[in-house]
Amino acid sequence: MLLRREVVTVIRIGLLCAIALPLAGAAQRGTMAPRELPANAVRALDTSLESAAPHARHVWRDTPPVNGDGTVNAYIEIARGDRRKWEFEMAANARAIDRVIPDSVGGYPVNYGFVPQTISYDGDPFDALVIGPPIEGGTLVAGVAVGVMFMEDEKGLDSKVVLSRVDKAGRPVDRLTPPIERELSDYFGRYKLHQPGAFSRVPGWGAAAEGLSLVRLTHAFFRDCRGEPGVACRLTP
């Protein structure tokens, strides 16, 4: 009888694991991205809008995230290869150097920036990675989504849409290959090791459609989650 109970227990555990693992994988892949913007991010959105208010034309506030042809706009903060950590300052409507990445970590392996008119779970604009050759910082570029890098850090969810510029026919110029994914996973998994109290990890990658879905979701946060500081913003389906 004891043996039978043990067998039944093992079977039940196996069934639970079989159910739990796909759910965990789905969460990592971002297929169940929360439709709620945390209260701290709502406050950050209001603060950013106040900071941008003096500017008649503001690159984050006034540039659409998605163009009529389906391409996604991205403002480049850091060119590929640069070790300087540039960050966009809302009040200045321009980027400024925040710090320098240690030589042991190396320069950014990809062009790094953000999608305008978006707000992500950490209170910053939704990040964009533009693969391909270096692009000068401060440049606004358009590209097609080719994937998404799911990422978590000390602030919570911090995923990043991956873009490629397009040719004259509207096709992506660069491909998100497994070697590029490995290079980016390695870099963004360790680039905060020198920062006390900070961490980052890359649990997986998603398809282009998932990246574009997150662009649209974070744009909806930007559009609809205003004016209620201290309260989380829940979007209805």
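The values are calculated or read from the model by the stated rules, or taken from the named source; none is laboratory data. Since the model is a prediction, treat every value here as computed from it, not as a measurement. Cβ atoms come from the backbone with ideal geometry, glycine included; neighbour counts cover every protein chain shown.
Tabulated results
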| item | result |
| --- | --- |
| Residues of segment 50-87 satisfying the condition of being hydroxyl-bearing (S, T, Y) and farther than 16 Å from V161 by Cα | S51, T63 |
| Some residue of segment 202-224 being within 17 Å of D158 (Cβ to Cβ), in a loop (DSSP other than H, G, I, E, B) and aliphatic (A, V, I, L, M) | no |
| Residue satisfying all of: in segment 199-237; among the acidic types (D, E) and in contact with a strand residue (DSSP E or B) (Cβ under 8 Å, 6 or more places away or on another chain); surrounded by the most Cβ atoms within 10 Å (Cβ to Cβ) among these | E210 |
| Given (1) modelled with pLDDT under 95; (2) at positive phi, number of the condition G138 does not satisfy | (1) |
| Yes/no for S185 being in contact with a Gly (Cβ under 7 Å, 6 or more places away or on another chain), under 24 Å from A198 (Cβ atoms) and of a type outside the set (D, E, K, R) | no |
| Top-ranked residue in segment 181-198 [being without any contact (Cβ under 8 Å) to a residue 12 or more places away in the chain and assigned to a loop (DSSP other than H, G, I, E, B); ranked as surrounded by the most Cβ atoms within 10 Å (Cβ to Cβ)] | Q195 |
| R80 within 18 Å of the chain's Cα centre (by Cα), among the basic types (K, R) and exposed (fewer than 14 other Cβ atoms within 10 Å of the Cβ) | no |
| Breaking point among (1) of a type in the set (G, A, S); (2) closer than 18 Å to D122 by Cβ; (3) buried (at least 16 other Cβ atoms within 10 Å of the Cβ), for G156 | (3) |
| Filtered residue count, segment 118-153, keeping only those that are of a type in the set (S, T, Y), surrounded by fewer than 23 Cβ atoms within 10 Å (Cβ to Cβ) and either closer than 21 Å to R216 by Cβ or within 10 Å of the chain's Cα centre (by Cα) (or both) | 1 |
| Residues of segment 144-180 satisfying the condition of being modelled with pLDDT of 95 or more, in contact with a Lys or Arg (Cβ under 9 Å, 6 or more places away or on another chain) and assigned to a loop (DSSP other than H, G, I, E, B) | V173, D174 |
| Test: G113 is in contact (Cβ under 8 Å) with a residue 24 or more places away in the chain, out of contact with any helix residue (DSSP H, G or I) (no Cβ under 7 Å at 6 or more places or on another chain) and crowded, with 16+ Cβ neighbours inside 10 Å | yes |
